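The values are calculated or read from the model by the stated rules, or taken from the named source; none is laboratory data. Values in this document were obtained by computation on a predicted structure and should not be read as measured data. Note that each Cβ is placed from the backbone with ideal geometry, even for glycine, and that neighbours are counted across all protein chains shown.
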Amino acid sequence: MFSKHLFKSAIEVVILVVLLAATVYYFVPEKVKLPAIAFAVGPSSQITGEEIAEYETGIGLDATFLNGSCITIFRSDLSHDAYVGEFCALDLRLINVTLPGVSRIPQTYNKIVMRWVENKTVDTLLLNSEVVNMGTAKVVGFLNGIISLRSGEDVNEPGNWSDLPINATIFPTQDASYGTGYWKNYYEWRLDMDELKSIVGEGSDQVNITFNLDYSLILRYMLVNEGEKTYGDANLQWSGRWGTLQFIYDEHGLASVKFSFVAVKLIAVAP
């Protein structure tokens, strides 16, 4: 049979448990704030985590031949960490490198909006017996972004983007974004094989052309999940060798072209 002291202690324990439960219920918010997003920019093979959104600054390679046919060798598609291969260059007339961006946002949250201002410089060099400058593509203050919507969401959600640079434009201006040398503009590099031959001369076994990228972003994002909005910011930068074209010669002339490019991506991941 319980003593009065034990009975009193049991009653006190019950009261304490009830009070604790009520306190926890009262102080836990009805909507837990969404976690911040972690961002990374660079070769996708070096970035890990649960992907929330992905954008590849993008690169594409096309070849045109003397008979007028044009072949797309590769184009950024988000499923590759690198673009590596070789194609026959017999009767190759010219080669084009373009910079198409591509993005993807899985339907993780009700809504994700990402806006960023990007600066991008691509320096192109020919490496043979001597270094030859093949031109530079430059983009300054380019406003870019991606958005994911589920049914019923307002596509015109303005967000809070006031901290992004005020000189950002929807499309680059002629003064801020341009191409020099074999860059016809800020997104297309074109080389005729007759021009290449005049540069390297006769007797070459292999000619390498490199593309070096300097890429920086000022970014702001907004998550909307069941009415809860979360904002955040990031400043990101990556510099390095983007890719290489190798022109291979034999006794008959240009035989093949090897290519090797890394996929440089902006990735948002859950912490």
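Do any strands (runs of 3 or more DSSP E) lying entirely in the stretch 50-141 carry at least 1 residues that are modelled with pLDDT of 95 or more and small (Gly, Ala, Ser), and which ones are they?
Details: elements: 50-56, 60-65, 70-75, 82-88, 92-98, 102-104, 111-127.
Counting at least 1 such residues, we get 60-65, 82-88.
Please work out which residue is nearest to Leu125 (Cα to Cα), limiting yourself to the stretch 185-209 and to residues that are among the charged types (D, E, K, R) and surrounded by 14 or more Cβ atoms within 10 Å (Cβ to Cβ).
Of all residues in the stretch 185-209, those among the charged types (D, E, K, R) come to 188, 190, 192, 194-195, 197, 202, 205.
Now restrict to residues that are surrounded by 14 or more Cβ atoms within 10 Å (Cβ to Cβ): 188, 190, 192, 197.
On the way: Glu188: 15, Arg190: 13, Asp192: 15, Lys197: 15 Å.
So, considering only residues that are among the charged types (D, E, K, R) and surrounded by 14 or more Cβ atoms within 10 Å (Cβ to Cβ), the one nearest to Leu125 (Cα to Cα) is Arg190.
Among the residues of the stretch 256-267, write down those that are farther than 21 Å from Leu78 by Cβ and buried (at least 16 other Cβ atoms within 10 Å of the Cβ).
Step one: list which residues in the stretch 256-267 are farther than 21 Å from Leu78 by Cβ, which gives 256-258.
Residues satisfying the conditions are Val257, Lys258.
For (1) crowded, with 18+ Cβ neighbours inside 10 Å; (2) modelled with pLDDT under 95; (3) over 17 Å from Glu118 (Cβ atoms), each residue gets a yes or a no:
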site: Leu219; (1), (2), (3): yes, yes, no
site: Leu223; (1), (2), (3): yes, yes, yes
site: Glu228; (1), (2), (3): no, yes, yes
site: Gly232; (1), (2), (3): no, yes, yes
site: Ser239; (1), (2), (3): no, no, no
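Given (1) of a type in the set (S, T, N, Q); (2) crowded, with 18+ Cβ neighbours inside 10 Å; (3) over 12 Å from the mean Cα position of the chain (by Cα), where does Ser129 come up short, assuming only one miss?
Status for Ser129: all satisfied but (2).
Suppose the filter is modelled with pLDDT under 95 and exposed (fewer than 13 other Cβ atoms within 10 Å of the Cβ); does Leu20 pass it?
Numbers: modelled with pLDDT under 95: yes; exposed (fewer than 13 other Cβ atoms within 10 Å of the Cβ): yes.
Taking the combined requirement at face value, the residue satisfies it.
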